[in-house]
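Worksheet for the structure shown next.
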Amino acid sequence: MSTKHNALTLPIFLEFVELRTKVASVFPMFIGIFWAVYHYKTFNLVNTLLFILAAITFDMCTTAINNTMDYKKALDTDYKEQENVIGANKLNFQQMVHIIFALLGFSVLISLILVWRTDIILLPIGILCFLIGIFYTFGPMPLSRLPLGELFSGVTMGFGIFFLAIFIQKPDLLVSSLLTASAYQINLAWLEIIQIAVLSLPLICLIANIMLANNLCDYEQDIKNGRYTLVHYIGKARGVTLYTVLNLMPWMLWVIYPLAGLLPKWTWLGLVLVIINVTFLKAFRKEQVKRLTFINAIKSFVLFSGLYLISLVIATII
């Protein structure tokens, strides 16, 4: 007897790919773009548009994989049929798989065009990013179900997207390669790359914190579904402490950046926003409930990232 499936509507599709959560990739992208404009005085419109399209599409793809794998591997029937987007909306599982491949294929195509327009070195970098994104939620031991989710999501999106957004503007500023008949030479601008890594630390911390907040809120549900995340190994109390450290670290770095000459000294004015951030932090520390307080992790990310982006825009104009 065949199961009747509901039609996939646009609102349900947007829920399936969780478009609302794409701020985690959009902010590092635009901060990287404006850092390139501010620091290197360079901007490539076509490469930027292609990169934005590829990054957002692939982010949607990884989220779709996550929701699909959560549905397939769910041990808790209530979660599978009432909370997961596929089960709750009675969607066609095979159709969801086809959408994943369509999103993946499109992002790969755009990425290959970017490789052609920039440098062949982008190919192995891109392949690594795609593999991390796919196996973050796919496979017998996905990274998101291990105590590695926060690390990989933070570094890949906080540093990876930030770095690539700068790289595609003018590749030879950071990494360049030369292919000859006898050798393949790679030139790395080490100091520039280290500087970019330091500048990406706030984004790494806050994106990792979104994942950590999600795992803190879903801890009991994850145990039922056989997901043993970092919270399972360190406990909720230490998890909340780690969340607090990662939440406050970006604001400490914001004090250091102007002293190191990375940002203008007037950006210290933005530190007044830490007062708002502390209210978000206190609310989450008080209780870790998905529908009530998880949003505070996203608010903290948006608040700091917004400050970062606006500061670079103003600095560029000035």
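The values are calculated or read from the model by the stated rules, or taken from the named source; none is laboratory data. Model, not experiment: these values are computed from the prediction. In this analysis, Cβ positions are derived from the backbone assuming ideal geometry, glycine residues included, and neighbour counts consider all displayed protein chains. Just the protein is used for accessible areas: all its heavy atoms, side chains included, with ligands, DNA and RNA removed. Shrake-Rupley method; radii C 1.70, N 1.55, O 1.52, S 1.80 Å.
Worth pointing out:
- Taking a ≥ b ≥ c as the square roots of the eigenvalues of the Cα gyration tensor, region 1-132 is classed as prolate, since a/c reaches at least 1.5 and a/b is larger than b/c.
- Highest mobility in the GNM of the chain, judged by mean-square fluctuation with C-alpha springs under 10 Å and restricted to Leu263, Leu216, Leu131, is found for Leu131.
- Backbone phi angles across region 77-93, fed through the Karplus curve with coefficients 6.51, -1.76 and 1.60 (θ = phi - 60°), yield HN-Hα couplings of 4, 4, 5, 4, 9, 10, 9, 5, 4, 6, x, 4, 9, 6, 8, 7, 4 Hz in residue order; Gly and Pro are listed as x.
- The chain - percent of accessible surface contributed by carbon and sulfur, probe 1.4 Å: 70
- Translational diffusion of the chain, µm² s⁻¹ [Kirkwood Rh, Cα pairs; Stokes-Einstein; 37 °C; 0.692 mPa s]: 158
- Relative contact order for the chain, counting Cα pairs under 8 Å that sit 6 or more residues apart, in percent: 21
- Distance (nanometres) between label positions extended 7 Å along Cα→Cβ at Thr21 and Lys286: 2.5
- Over the chain, DSSP H runs of length four or greater, each weighted -39,500 (n - 2.57), average out per residue to a 222 nm ellipticity of -21000 deg cm²/dmol.
- Placing pseudo-labels 7 Å out from each Cα toward the beta carbon at Ile310 and Lys72 gives an inter-label distance of 4.3 nm.
- Ratio of the Cα radius of gyration of region 198-318 to 2.2 N^0.38 Å, where N counts its residues: 1.16
- Under the combined filter of DSSP loop state and at most 10 neighbouring Cβ atoms within 10 Å, region 243-291 retains these trypsin sites (Lys or Arg not before Pro): Arg291.
- Considering region 37-84 at the alpha-carbon level, its Rg and Dmax are found to be 18.5, 55 Å.
- With all protein chains modelled, accessible area of Glu18 [1.4 Å, Å²]: 40
- The largest accessible area among Glu192, Glu81, Glu150, Glu15 belongs to the first residue in Glu81, Glu15, Glu192, Glu150, and the rest follow in falling order (1.4 Å probe, all chains).
- Using the Cβ of Leu146 as centre and a radius below 14 Å, the other residues enclosed give a net charge of +1, where K and R count +1 and D and E count -1.
- Among the listed pairs Lys265/Lys286; Lys90/Lys236; Lys22/Lys265; Lys4/Lys73; Lys90/Lys286, a Cα-Cα separation exceeding 25 Å is found for Lys265/Lys286; Lys90/Lys236; Lys22/Lys265; Lys90/Lys286.
- Of all aspartates and glutamates in the structure, the ones whose alpha carbon falls short of 15 Å from that of Lys170, not counting any fewer than 8 places away in one chain, are Asp119, Glu192.
- q = 0.18 Å⁻¹: log10 I(q)/I(0) that the Debye formula gives for region 106-240, counting C-alpha atoms only: -1.02
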